[in-house]
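Sharing a structure with you now.
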Amino acid sequence: MYLVPPKENEITYVNNNGVVIGVSIPKNLNFCNEKIPNDNIEIKKRLEEALTSTSKWKNHSSLIFEKVKRWFGVIEPVIIKNGLPLDVKYLAIVESQLSNVSSPMGASGFWQLVPNSAQNYGLEINEYVDERLDVIKSTEAACKHLKDAYAEFNNWTLAAAAYNRGIGGISNAIKKQQVSNYYDLNLNPETKKFIYKILAYKTLIESPQNLGIKKKSLKYKNTYAFKTIKVDTPIKNLKLFAKKYKCPYTTFKIFNPWLLKDELPNINQKTYHLRIPQKPTLDYSEYLRDLLGEDGQWSDDLLPKANDMADSIKVIYHTVLKEETMQEIADFYDISEKKLREINGLQEGINPEVGTKLKLVYVIKPKK
């Protein structure tokens, strides 16, 4: 089932029973202006698998669009500043769904950088600071990584594949297989799917009608506007620092998620750039889950008890979008629909109107 008929073009898929699938590949689909071969059955099959995926990103397309509105306006200027094509922004969706998540392999942040790679590109990681969680700095590092890969391959598709597999991994595959085109390389399963996932997200955001999804407005939000405070001395109490600038500490942490504790020793007198929102009184709760990543968890209790950290309990709100169901919202935030209804006083069978703000209780666990 689809909401709108998929846009027609010269490439439309038919399954083994001869039934047309409700997706189509956008005409002239490309990555960074590098054309996708359209005369290869295997490539078409892999694109079909990516475009018809039943994974979370398609079921929750409205939430992905909201994340894009929040973060592409932050990420794109960094990409432009570094001289990269804008299509590389879709790597961040594939890597992290635009969230500061951590992987079992030790990767972290929007761009899922591992410690060694992050430090090689100038990011600091220690007990007090993890600059992989700074969206702007981590985007800078990711751009440098991609530029190095492009310098090696002179091809953005291979550079993106190398972001997943490593420059050495792609170089070795090219040498062994004697081919220089990503689509001809026989790679490990994850890297083999990586570019197709990027293309699927690009299609979702730029041409959703090809996936049977109604096209949406993509006006980026500008609420994440901030002023920068340069600091080259230790800060013993970040809560008092935030208070000095009349900024709620929760909001301060949202804008500086790379600060892992309530102090910044800075024994090397490094110059840090701390961010304070231009309008501290605005509600920034919609950014909370994106920036906290796996450092928080939804409370099992309606009224959880606070521990000795004053800011351990947060309440954020989700604005109900058109055609969203309570079950979809509950699934996205990893809580039960029953719990979501209890928190908001909604009886079973009663659905909130579009624009309603649903309350969610969130507990931030202090880092050990």
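Out of all the residues in the stretch 115-148, which are touching a strand residue (DSSP E or B) at 6+ places or on another chain (Cβ under 7 Å) and of a type in the set (Ser, Thr, Tyr)?
Hits for the stretch 115-148 are TYR128, SER138.
Taking only the stretch 249-283 into account, find how many residues are part of a loop (DSSP other than H, G, I, E, B), under 18 Å from VAL129 (Cβ atoms) and within 26 Å of the chain's Cα centre (by Cα).
The number of residues fulfilling the criteria is 6.
Filter the stretch 243-273 down to the residues that are under 15 Å from LEU123 (Cα atoms) and in contact with a helix residue (DSSP H, G or I) (Cβ under 9 Å, 6 or more places away or on another chain) and list them by number.
Residues satisfying the conditions are ASN256, PRO257, TRP258, LEU259, LEU260, HIS273.
What number of residues within the stretch 240-296 are surrounded by fewer than 16 Cβ atoms within 10 Å (Cβ to Cβ), charged (D, E, K, R) and over 28 Å from GLY355 (Cα atoms)?
The total comes to 6.
Take the conditions more than 16 Å from SER61 (Cα to Cα), among the basic types (Lys, Arg) and surrounded by fewer than 16 Cβ atoms within 10 Å (Cβ to Cβ) and apply them to LYS359. Does it pass?
yes
Moving on to the next point. Would you check if GLU49 is of a type in the set (Asp, Glu), open to solvent by less than 60 Å² (accessible area, probe 1.4 Å) and either in a helix (DSSP H, G or I) or modelled with pLDDT of 70 or more (or both)?
No.
Name every residue in the stretch 182-218 that is at pLDDT 90 or above, open to solvent by 50 Å² or more (accessible area, probe 1.4 Å) and not in a helix (DSSP H, G or I), in order of residue number.
ASN186, ASN188, listed by residue number.
If GLU95 satisfies every condition in (1) in contact with a helix residue (DSSP H, G or I) (Cβ under 7 Å, 6 or more places away or on another chain); (2) in a helix (DSSP H, G or I) but one, which is the exception?
That leaves (1) as the condition not met.
I'd like to check something: does the stretch 54-72 contain any residue that is aliphatic (A, V, I, L, M), touching a strand residue (DSSP E or B) at 6+ places or on another chain (Cβ under 7 Å), crowded, with 18+ Cβ neighbours inside 10 Å and at pLDDT 90 or above?
For the stretch 54-72, residues aliphatic (A, V, I, L, M), touching a strand residue (DSSP E or B) at 6+ places or on another chain (Cβ under 7 Å), crowded, with 18+ Cβ neighbours inside 10 Å and at pLDDT 90 or above: absent.
Which residues, counting only those in the stretch 154-168, are open to solvent by less than 30 Å² (accessible area, probe 1.4 Å) and part of a helix (DSSP H, G or I)?
The answer is THR157, LEU158, ALA159, ALA160, ALA161, ALA162, TYR163.
If we scan the stretch 131-143, do we find a residue that is among the β-branched types (Val, Ile, Thr), farther than 25 Å from ILE205 by Cα and either surrounded by fewer than 16 Cβ atoms within 10 Å (Cβ to Cβ) or at pLDDT 95 or above (or both)?
No: the stretch 131-143 contains no residue that is among the β-branched types (Val, Ile, Thr), farther than 25 Å from ILE205 by Cα and either surrounded by fewer than 16 Cβ atoms within 10 Å (Cβ to Cβ) or at pLDDT 95 or above (or both).
Does GLU131 count as among the charged types (D, E, K, R), at negative phi and in contact (Cβ under 8 Å) with a residue 40 or more places away in the chain?
yes
Sort through SER117, SER171 and tell me the only one that's in contact (Cβ under 8 Å) with a residue 24 or more places away in the chain, open to solvent by less than 40 Å² (accessible area, probe 1.4 Å) and in a helix (DSSP H, G or I).
Just a single option satisfies the conditions, and that option is SER117.
The values are calculated or read from the model by the stated rules, or taken from the named source; none is laboratory data. Worth saying up front: this structure is predicted, and the values here are computed from it rather than measured. Neighbour counts run over all protein chains shown; Cβ positions are idealised from the backbone, glycine included. Protein only, heavy atoms only, side chains kept; ligands, DNA and RNA dropped before computing areas. Shrake-Rupley method; radii C 1.70, N 1.55, O 1.52, S 1.80 Å.
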